[in-house]
Every structure is written in structure tokens, then in C-alpha cells.
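For reference, the structure is listed below as C-alpha cells.
The values are calculated or read from the model by the stated rules, or taken from the named source; none is laboratory data. Given the structure is predicted, the values throughout are model-derived calculations rather than measurements. Cβ sites come from the backbone with ideal geometry, for glycine too, and all protein chains shown count toward neighbours.
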Amino acid sequence: MTPEDLSAPSGRRLQAWRAVGQTLLGILVLLGGMAVLSRYLRGPLEAFGRFFVDRFGIAGMALGTFLCDGFHIPPPPQVYFVAAIAAHLSPLPVLAAMGAASMAAGVVGYHVASRLSGLRVFRIPLERTRPRVDALFARWGAWAMAVGSVTPLPYAWLCWFAGIYRVRYTHFLVLILLRVPRLAVMYWLVAKGWSSGAPGP
């Protein structure tokens, strides 16, 4: 599909439905995967959760989240959710610490990418693609970031994309502010999958 096709209403609708389908598929995979892990690896995961919490605590989860969401260094936040749930931690302090770390990571990633975009090796290809990105935000504004925040695309990639193209900061803040609700939803999905895989009486 060419850029001209995507600019047409039918092309945009196709992209929107594709994003919805990918998001729903990701939800099903997360729920199913957690149910299987909870069913067959519950003991080892609970032991891992207790070990991680005893050794690194919530601060370790926040640091891991910062590295992943700022620089795409694994593991992803879902792993820390598993550790927290398996160790029976209260979700509020976990989400507060990881949410703050994720938002800070996004801001750092944005500014690092913005600096890198000034290098010649990045500047030349960016000059060719910038008109299409500018047109996207001219048409959709902050909604482009809002839609991106609910797609399966890694958060770090979205933040770096915004920084490389120097997306207006008010638009970028939409992505940052929506990160905490997305983390809360992911935590709920992980917890739901974990509980659904619990052995029966």
C-alpha cells in the first residue's frame, strides 16, 4: 500500500481496523499466555516473584521499566507485573512507581531521539519523510499520539519516533499521559490471566 493509498479515507479505515485487530490479538495472547503460565508454572513464578521483590523491590521494577520504556531494553513491564502479582504485592504502589518511571523514560527517550535527529546520518532520510509525518499531525493532531498509545507498538519506539520527528511537545504529552492508564490495563490483564489459570479446588 502506497502513501497515497493511506491518505485516502479507505486506506485510513483499513489502517484503523488493522490496529484494532492487532490490539485485540495482543490482549488475547496476553490473557492466554498468562493463564498457561499460571496453570503450569505457578510455583516457580511465585518463587521468582518473591526473590525479585526481596532482592530488588519496587525500585527495581521502576528501574527496569525506565530502561525498557526509554531505551527498549528488555524485559518489558509485564514481567514485573508477574513478579508483583506472584509475590502478592499491592498493585497501587507498583503501578505508581512503574508509571512514574515510564513517563520519565518517555521524556528522556524523546529528547535523546530529538538530539540524534540533528546528526547528518539521520537528517537526510528524515527530510524525505518529514512532509508525510507533518501532514499526519496537521490532520489528526494529538489524536495521532492517542491512537498510537493503544496499538501494540512498543512505547519506547513511539517516544523515539516523536523525538526524531520533533513532534510538537503538546502532542507528545498525550502519549505520556496515556501511558499510566495503559499500564493499569496491562496490569489488570496480567492479573486476570494469572487468576484464570489458578488450579481448581
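Looking at this structure, is PHE66 modelled with pLDDT under 95 and in contact with a helix residue (DSSP H, G or I) (Cβ under 9 Å, 6 or more places away or on another chain)? Steps first, please.
Details: modelled with pLDDT under 95: no; in contact with a helix residue (DSSP H, G or I) (Cβ under 9 Å, 6 or more places away or on another chain): yes.
No, not satisfied.
Cβ contacts < 7 Å: first residue in contact (Cβ under 8 Å) with a residue 24 or more places away in the chain, restricted to the range 47-64; second residue aromatic (Phe, Trp, Tyr) and surrounded by 15 or more Cβ atoms within 10 Å (Cβ to Cβ), any location; separation 6+ or different chain. Result?
Short answer, once both residue conditions are applied: MET61/TYR80.
Test PHE81 against the criterion of being closer than 16 Å to ARG182 by Cα, of a type in the set (Phe, Trp, Tyr), modelled with pLDDT of 75 or more and surrounded by 16 or more Cβ atoms within 10 Å (Cβ to Cβ), and give yes or no. Lay out the reasoning, then the answer.
Working: closer than 16 Å to ARG182 by Cα: yes; of a type in the set (Phe, Trp, Tyr): yes; modelled with pLDDT of 75 or more: yes; surrounded by 16 or more Cβ atoms within 10 Å (Cβ to Cβ): yes.
It is true that PHE81 is closer than 16 Å to ARG182 by Cα, of a type in the set (Phe, Trp, Tyr), modelled with pLDDT of 75 or more and surrounded by 16 or more Cβ atoms within 10 Å (Cβ to Cβ).
Taking interchain pairs and intrachain pairs at least six residues apart, which have beta carbon atoms under 8 angstrom, with the first residue in the range 146-163 and within 18 Å of SER114 (Cβ to Cβ) and in contact (Cβ under 8 Å) with a residue 40 or more places away in the chain and the second basic (Lys, Arg) and surrounded by 14 or more Cβ atoms within 10 Å (Cβ to Cβ)?
That search, which allows pairs on different chains as well, returns TYR155/ARG179; TYR155/ARG182.
Filter the range 150-165 down to the residues that are modelled with pLDDT under 80 and either among the hydroxyl-bearing types (Ser, Thr, Tyr) or outside any loop (DSSP other than H, G, I, E, B) (or both) and list them by number.
Of everything in the range 150-165, just one residue is modelled with pLDDT under 80 and either among the hydroxyl-bearing types (Ser, Thr, Tyr) or outside any loop (DSSP other than H, G, I, E, B) (or both), namely THR151.
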